[in-house]
Amino acid sequence: MNSVKILVVENEQIVADDIKFRLRRLGYAVSGIVLSGEDAVKKAEEIHPDLVLMDIVLEGKMDGTEAASAISSRFNIPVVYLTAYADDKTLERAKITEPFGFILKPFEDRELYTAIEMALYQYKVGNMLKESEERYRSVVENAHDAIYIISQDGFQYANPAFENLTGRKKEELGNKKFNFLNIVHPDDKKFLKEREKANKKGQEAPRRSEFRIITKDGAERIVEANTVSIGKKGEAKEIGIIRDITERKQSEEERKQSFERLRKNLEETVYALASAVEMRDPYTAGHQQRVTYLACAIAREIDLSTNQVDGIRMAGVVHDIGKILVPSEILSKPGRLTEIDHNMIETHPNVGYDILKTIEFPYPVAQIVLQHHERMDGSGYPAGLSGEDILMEARILAVSDVVEAIASRRPYRAALGINKALKEISNRKGSLYYAEAVDACLKLFKEKAFRFRNKSKDRVYSL
């Protein structure tokens, strides 16, 4: 037995009984038979059937169309009209009630079944669409983001969040003279005009954009908009979602400024440490700055990231900070260094690491300083690291350090010159020194006229 319950409204009892018999034969449940419009409304309220078969022509104060209208509006029950004849005026009234179908008398079981099933399906789909629309409207109406629909004729819709953001009510937005550009900051209108032209031409326009708006009270807000165009060409509508990102932008700017202040303070601290070393060792004054200058140039030449270049710069200016514990008489000794002297000097990467490891750098500065005397074949110090076990930044710093040291004057020897320095790294490329850094260094000096200055003597090293 079909669970669908049907109410039959028919003013002729014989016809009503026939319909009842047919319905039961088709498997439907007949909830009742009434003969008038007034009784139909009462019965529908009482039993709430799944469908009403309504004769258009009924006797009494309420005809079929009036009864159908009341049942549909009050109880949301689908109505299918039964009719043998009706004048044009009655048919027009019937159409206004938006019935779910018509069945012309006399009819066959197949026609009755088809009309009922189509009506029930249409009703079910209609309810689903209605529920979907209600959910969508609820979401849109209560959304935190501003949502609007706009066409060539102006605003078609704006949710409460849009009104709150702009300070403008729907009545004002609905005015055809009011254009979306009216709320855009004057300096940002050009971009939106270009987007509007692209939409009119049917061209693809950016869906996401960031611009400023001016609220009704004159306040400036930064917004992020996501838009999409719908409809046919010439009738296109734009649906947009606008998010107020003013506070986010302000926070980002404040964080950026705070980071820059911290970075500046950190750099000043690092340069102060570097200066302390150079004050104890006047012969190598400016060495760390020159090594840093070349190392950063090499890093950029081999396309390292900005973050890596910044790390090299930070580590470069303090790479010899550990020499602060090496006796000054060793650092400035004019003669050949003894094995004990060498051993003392070779402690400076470890000492530098110990000094720097507790400072929270945004880069691996302490590790770079610790490894800047390591060599690709493992013959360096202090840990005898080799190959890729050595940080990329440390490999680059090692090449720059060797070039500057050979080219510059030392207490125990005169400057050997840049040609000697480049020959050293060329001969031992790949064995002691990182090959890609060596190639980049040679290119800088031979093809790009690189040079660096001696801080104390203003000497220029170049080919």
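The values are calculated or read from the model by the stated rules, or taken from the named source; none is laboratory data. Treat the numbers as computed from the prediction; the structure is a model and nothing was measured. As a convention, Cβ positions derive from the backbone with ideal geometry for all residues, glycine included, and neighbour counts pool all protein chains shown.
The residues listed here are 95, 61, 89, 105; of these, the one that is at pLDDT below 90 and within 57 Å of the chain's Cα centre (by Cα) is 95. Filtered by the rule that a residue be within 13 Å of residue 11 (Cβ to Cβ) and out of contact with any helix residue (DSSP H, G or I) (no Cβ under 8 Å at 6 or more places or on another chain), the range 40-82 gives a lone residue, 59.
In the set (1) at pLDDT 80 or above; (2) surrounded by 11 or more Cβ atoms within 10 Å (Cβ to Cβ), residue 238 fails one condition alone, (1). Would you be able to tell me the number of residues in the range 293-310 that are surrounded by fewer than 24 Cβ atoms within 10 Å (Cβ to Cβ), part of a helix (DSSP H, G or I) and in contact with a helix residue (DSSP H, G or I) (Cβ under 7 Å, 6 or more places away or on another chain)? So the count comes out to 6. Residues in the range 382-401 that are part of a loop (DSSP other than H, G, I, E, B) and within 15 Å of residue 431 (Cα to Cα): 384, 385, 386, 390. For the range 158-177, check the following and say yes or no: at least one residue is more than 33 Å from the chain's Cα centre (by Cα), part of a helix (DSSP H, G or I), on the phi < 0 side of the Ramachandran plot and at pLDDT below 90. Checked the range 158-177: at least one residue is more than 33 Å from the chain's Cα centre (by Cα), part of a helix (DSSP H, G or I), on the phi < 0 side of the Ramachandran plot and at pLDDT below 90. Residue check: residue 290 meets all listed conditions (1) surrounded by 15 or more Cβ atoms within 10 Å (Cβ to Cβ); (2) at pLDDT 80 or above; (3) part of a helix (DSSP H, G or I); (4) under 41 Å from the mean Cα position of the chain (by Cα) but one, namely (4). No other residue among 415, 398, 405 is touching a helix residue (DSSP H, G or I) at 6+ places or on another chain (Cβ under 9 Å), surrounded by fewer than 19 Cβ atoms within 10 Å (Cβ to Cβ) and within 22 Å of residue 353 (Cα to Cα) apart from 405.
Each row is one residue, and each column tells you yes or no for (1) aliphatic (A, V, I, L, M); (2) at pLDDT below 90.
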{"position": "382", "(1), (2)": "no, no"}
{"position": "385", "(1), (2)": "yes, no"}
{"position": "394", "(1), (2)": "yes, no"}
{"position": "411", "(1), (2)": "no, yes"}
{"position": "416", "(1), (2)": "yes, yes"}
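Would you mind stating whether residue 54 is free of Cβ contacts under 8 Å to residues at least 60 places away in the same chain, buried (at least 16 other Cβ atoms within 10 Å of the Cβ) and assigned to a strand (DSSP E or B)? Yes, satisfied. Residues in the range 308-347 that are closer than 18 Å to residue 272 by Cβ and not basic (Lys, Arg): 314, 315, 316, 317, 318, 319, 320, 321, 322, 324, 325. You will find that of 82, 112, 91, the residue that is assigned to a helix (DSSP H, G or I), touching a residue at least 60 places away in the same chain (Cβ under 8 Å) and either of a type in the set (Val, Ile, Thr) or in the same structural domain as residue 128 (by TED's automatic domain parsing) (or both) is 112 and no other. Does the range 131-147 contain at least one residue that is more than 18 Å from residue 216 (Cα to Cα), in contact (Cβ under 8 Å) with a residue 12 or more places away in the chain and of a type in the set (Gly, Ala, Ser)? Yes, the conditions are met somewhere in the range 131-147.
Between 126, 154, the distinction of being small (Gly, Ala, Ser) and more than 31 Å from the chain's Cα centre (by Cα) belongs to 126 only. Taken as a whole, the condition of being over 15 Å from residue 367 (Cα atoms), assigned to a helix (DSSP H, G or I) and touching a Leu at 6+ places or on another chain (Cβ under 7 Å) does not apply to residue 425. Quick check, is residue 436 closer than 18 Å to residue 298 by Cα and in the same structural domain as residue 299 (by TED's automatic domain parsing)? Yes: the conditions hold for residue 436.
Based on this model, can you work out whether residue 20 counts as closer than 24 Å to residue 109 by Cα and either assigned by TED's automatic domain parsing to the domain that holds residue 120 or part of a strand (DSSP E or B) (or both)? So residue 20 passes the test.
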